[in-house]
1. Can V40 be described as modelled with pLDDT of 95 or more, surrounded by 20 or more Cβ atoms within 10 Å (Cβ to Cβ), of a type outside the set (G, A, S) and in contact with a strand residue (DSSP E or B) (Cβ under 7 Å, 6 or more places away or on another chain)?
2. Filter segment 101-120 down to residues that are surrounded by 12 or more Cβ atoms within 10 Å (Cβ to Cβ), not in a strand (DSSP E or B) and not aliphatic (A, V, I, L, M), then give me how many there are.
3. Mind checking whether some residue in segment 78-93 is within 13 Å of the chain's Cα centre (by Cα), modelled with pLDDT of 95 or more and on the phi > 0 side of the Ramachandran plot?
4. Among the residues of segment 3-12, are any aromatic (F, W, Y), at pLDDT 95 or above and part of a helix (DSSP H, G or I)?
5. Filter segment 143-181 down to the residues that are in a loop (DSSP other than H, G, I, E, B), in contact with an Asp or Glu (Cβ under 7 Å, 6 or more places away or on another chain) and open to solvent by less than 50 Å² (accessible area, probe 1.4 Å) and list them by number.
6. Would you point out the residue of segment 50-80, among those that are of a type in the set (F, W, Y) and in contact with a strand residue (DSSP E or B) (Cβ under 7 Å, 6 or more places away or on another chain), that is most open to solvent (accessible area, probe 1.4 Å)?
Amino acid sequence: MKFMLLVAVVGLTVGQRPNRRPIFNRFTSAGGTRSQGSSVQVDDTRGGSEYYFSWRHDGKRKYTGDAAARVCTSLGRGWYPVGISSQDEIIYISGIVGRDRLEYIWTGGRRSGSGFIWLNGEPFTVTDWSHTGGFRRPQPDNREGGRENCLAVLNNVYNDGIKWHDVACHHPKPVICERRI
């Protein structure tokens, strides 16, 4: 009898799953195309990358910089917050921000020493920093007490157009995720 009870308890425990669904199921919706071999709803494919726009799938939620990175990596292998590595990609990402009338988005840019890197490992060779910010100084200005360690694209927040700003990672924003294909 004790053996049967133990088998039943172990069976129930093994069969239980946490009361959470994987993030990629929570954030998918109609529209776009499915990523090859994945359940990710891809919003666009271009230039050797697939793109996922968080606000189109999650009820327009906003995330801290670290949470935004987790949203992207939770989509599956190879997904990261967008790394912008060409002038063409700067124009493309700025166009998405403008067309979707977003105030701002997170990218995969993070401070590393005195410069920035992309979390996806792409080279940080092109930039589109704003000429102004909260202190009316060119970006990156690290104005929040040395804590502006994330890179965001802001949509005319400082009357500067759609430009890059270093921002403290605790501010909430949507994110563009990218996967090289």
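The values are calculated or read from the model by the stated rules, or taken from the named source; none is laboratory data. It should be emphasised that the depicted structure is a prediction, and the values quoted were computed from it without experimental measurement. Glycine also receives a Cβ, built like all others from the backbone with ideal geometry; neighbour counts cover every protein chain displayed. Note: accessible area is taken over every heavy atom of the protein model, side chains too, but ligands, DNA and RNA are not part of it. Shrake-Rupley method; radii C 1.70, N 1.55, O 1.52, S 1.80 Å.
1. Working: modelled with pLDDT of 95 or more: no; surrounded by 20 or more Cβ atoms within 10 Å (Cβ to Cβ): yes; of a type outside the set (G, A, S): yes; in contact with a strand residue (DSSP E or B) (Cβ under 7 Å, 6 or more places away or on another chain): yes.
So V40 does not fit the description; no.
2. The initial filter retains those residues of segment 101-120 that are surrounded by 12 or more Cβ atoms within 10 Å (Cβ to Cβ), namely 102-111, 116-120.
Pick out the ones that are also not in a strand (DSSP E or B) and you get 102-103, 119-120.
Narrowing further to those that are not aliphatic (A, V, I, L, M): 103, 120.
Within segment 101-120, residues that are surrounded by 12 or more Cβ atoms within 10 Å (Cβ to Cβ), not in a strand (DSSP E or B) and not aliphatic (A, V, I, L, M) number 2.
3. Of the residues in segment 78-93, the ones within 13 Å of the chain's Cα centre (by Cα) are 78-84, 93.
This time we only want the ones that are modelled with pLDDT of 95 or more, so: 78-84, 93.
Filter once more, keeping what is on the phi > 0 side of the Ramachandran plot: 78.
Within segment 78-93, one or more residues are within 13 Å of the chain's Cα centre (by Cα), modelled with pLDDT of 95 or more and on the phi > 0 side of the Ramachandran plot.
4. If we filter segment 3-12 for residues that are aromatic (F, W, Y), which is where we start, we get 3.
Retained after the next criterion (residues that are at pLDDT 95 or above): none.
Looking for residues that are aromatic (F, W, Y), at pLDDT 95 or above and part of a helix (DSSP H, G or I), one finds none in segment 3-12, hence no.
5. Those that are in a loop (DSSP other than H, G, I, E, B), in contact with an Asp or Glu (Cβ under 7 Å, 6 or more places away or on another chain) and open to solvent by less than 50 Å² (accessible area, probe 1.4 Å): E148, A168, C169.
6. Start the filter on segment 50-80 by keeping residues that are of a type in the set (F, W, Y), which leaves 51-53, 55, 63, 79-80.
Retained after the next criterion (residues that are in contact with a strand residue (DSSP E or B) (Cβ under 7 Å, 6 or more places away or on another chain)): 51-53, 63, 79-80.
On the way: Y51: 6, Y52: 1, F53: 2, Y63: 11, W79: 3, Y80: 85 Å².
Restricting to residues being of a type in the set (F, W, Y) and in contact with a strand residue (DSSP E or B) (Cβ under 7 Å, 6 or more places away or on another chain), the top hit is Y80.
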